[in-house]
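The values are calculated or read from the model by the stated rules, or taken from the named source; none is laboratory data. Everything numeric here is computed off the predicted structure, so don't read it as measured data. Cβ placement follows ideal geometry from the backbone for every residue including glycine, while neighbour counts extend to all protein chains displayed.
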Amino acid sequence: MSTFEEERTRDFAAYEQLKAELTEKYQGLYVAIADGRLINVAPTFDEAAEAARQYRHHLVFQAGSEPLKDPVYIR
């Protein structure tokens, strides 16, 4: 089983490989990357995130922008 850090590294590597394609094909839509691959494209953040809930690590962001590299803490 992969560690969280290995999954994080794999997801950001997938993002770097897909970056140009995401911007070209999905500009303005929300994308989810998990398990080292693109798993969903949707018109809203919530819809894209729903497909990623089952993964321990995932990235959900608007195509054409950079995913956050640091955790976001909500109080």
Response to the item:
Selection from the range 45-64 of residues part of a loop (DSSP other than H, G, I, E, B) and crowded, with 16+ Cβ neighbours inside 10 Å yields A51, A52, H57, A63
Discussion item. Here's a check for you: in the range 28-44, which residue that is modelled with pLDDT of 95 or more, of a type outside the set (A, V, I, L, M) and more than 21 Å from T3 (Cα to Cα) is surrounded by the most Cβ atoms within 10 Å (Cβ to Cβ)?
Written reply: Y30
Practice prompt. Select from the range 54-69 the residues that are under 13 Å from V31 (Cα atoms) and of a type in the set (K, R) and list them in ascending order.
Written response: none
Fill in: Subset tally (residues that are over 9 Å from A63 (Cα atoms), in a loop (DSSP other than H, G, I, E, B) and over 11 Å from the mean Cα position of the chain (by Cα)) for the range 1-37
3
Worksheet entry | the range 1-20, residues that are of a type in the set (D, E) and either within 16 Å of A52 (Cβ to Cβ) or exposed (fewer than 12 other Cβ atoms within 10 Å of the Cβ) (or both) | E5, E7, D11, E16
